[in-house]
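See below for the structure under consideration.
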Amino acid sequence: MDVKPITTYTGKIVPLFHDNIDTDQIIPKVHLKRISKTGFGPFAFDEWRYLDDGSDNPDFNPNKPEYEGASILVTGDNFGCGSSREHAAWAIKDYGFDIIIAGSYSDIFYMNCTKNGMLPISLDEDARKHLASYSEITVDLPNQTVSTPEKSFHFDIDATWKNKLVNGLDDIAVTLQYEDEIAAYENAKAFQ
């Protein structure tokens, strides 16, 4: 899964206002049979997304025509709680979401998002309801704001994660920035 830089991002939103959406609801364990990070998108929110006959559930917001192509998920509190499975972040990313705006996150899910090139933003309920009243919003990661034509909301993010997301770096890419120093260290140790 490539990590693309996130700087100023304008995208379509879809509201999914449920609190305590856990990793089992995001990607049910029955679908955890793949060995790669990709291919989980069709199973994201499986039990809500599809009817018993396998057809799309018309009452599930992301299935509604007005939300087609949404890349920003606006949701409730404690998003991604439950198990530590990284598959939940993979499924959300593979579904097509680059940014999630929630009231709060489980710590592990938050970290899994940032490690997989997604921006998790925490905002209060009033801000999220305002954002959900628009079809498109703009996220400015360098300035840490989420905006509609009427309002702008500041969000906090750790400087390390901000740097990685703005520059499109995963942990391997960060390590490779020190490739020369690593090689010099290895060469020095080889001759001891």
Specify which of the listed residues (Ser84, Ser36) is of a type in the set (Gly, Ala, Ser), modelled with pLDDT under 95 and open to solvent by 60 Å² or more (accessible area, probe 1.4 Å).
Ser84
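Going by the conditions given, is Ala173 more than 17 Å from the chain's Cα centre (by Cα), modelled with pLDDT of 95 or more and under 25 Å from Asn112 (Cβ atoms)? Step through it out loud before you land on a result.
On the way: more than 17 Å from the chain's Cα centre (by Cα): yes; modelled with pLDDT of 95 or more: no; under 25 Å from Asn112 (Cβ atoms): yes.
The answer is no for Ala173.
Kindly indicate the residue of the stretch 141-192 that is part of a helix (DSSP H, G or I) and touching a residue at least 40 places away in the same chain (Cβ under 8 Å) and also surrounded by the fewest Cβ atoms within 10 Å (Cβ to Cβ) among those meeting that condition. Lay out the reasoning, then the answer.
To start, the set of residues in the stretch 141-192 that are part of a helix (DSSP H, G or I) comprises 159-167, 171-176, 179-190.
Okay, now just the ones that are also touching a residue at least 40 places away in the same chain (Cβ under 8 Å), so 161, 164-167, 171, 173.
Details: Trp161: 17, Lys164: 21, Leu165: 24, Val166: 15, Asn167: 14, Asp171: 10, Ala173: 12.
Going through the qualifying residues, I end up with Asp171.
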Does Ile72 satisfy the condition of being within 9 Å of the chain's Cα centre (by Cα) and not charged (D, E, K, R)?
yes
Condition check for Ile121: hydrophobic (A, V, I, L, M, F, W, C), closer than 25 Å to Lys37 by Cβ and assigned to a strand (DSSP E or B):
yes
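Given Lys115, Lys129, which one is more than 20 Å from Thr10 (Cα to Cα) and of a type in the set (D, E, K, R)?
Lys115
When only residues in the stretch 106-118 that are part of a helix (DSSP H, G or I) and not aliphatic (A, V, I, L, M) count, which is most open to solvent (accessible area, probe 1.4 Å)? So that I can check it myself, show each step before the final result.
Start the filter on the stretch 106-118 by keeping residues that are part of a helix (DSSP H, G or I), which leaves 107-115.
The next check asks that each one be not aliphatic (A, V, I, L, M); those that pass are 107, 109-110, 112-115.
Values: Asp107: 124, Phe109: 4, Tyr110: 45, Asn112: 19, Cys113: 1, Thr114: 5, Lys115: 83 Å².
Residue satisfying both the conditions and the ranking: Asp107.
The values are calculated or read from the model by the stated rules, or taken from the named source; none is laboratory data. Treat the numbers as computed from the prediction; the structure is a model and nothing was measured. All Cβ positions, glycine included, derive from the backbone under ideal geometry; neighbour counts span all protein chains shown. Please note that ligands, DNA and RNA were not included when accessible areas were found on the heavy atoms of the full protein model with its side chains. Shrake-Rupley method; radii C 1.70, N 1.55, O 1.52, S 1.80 Å.
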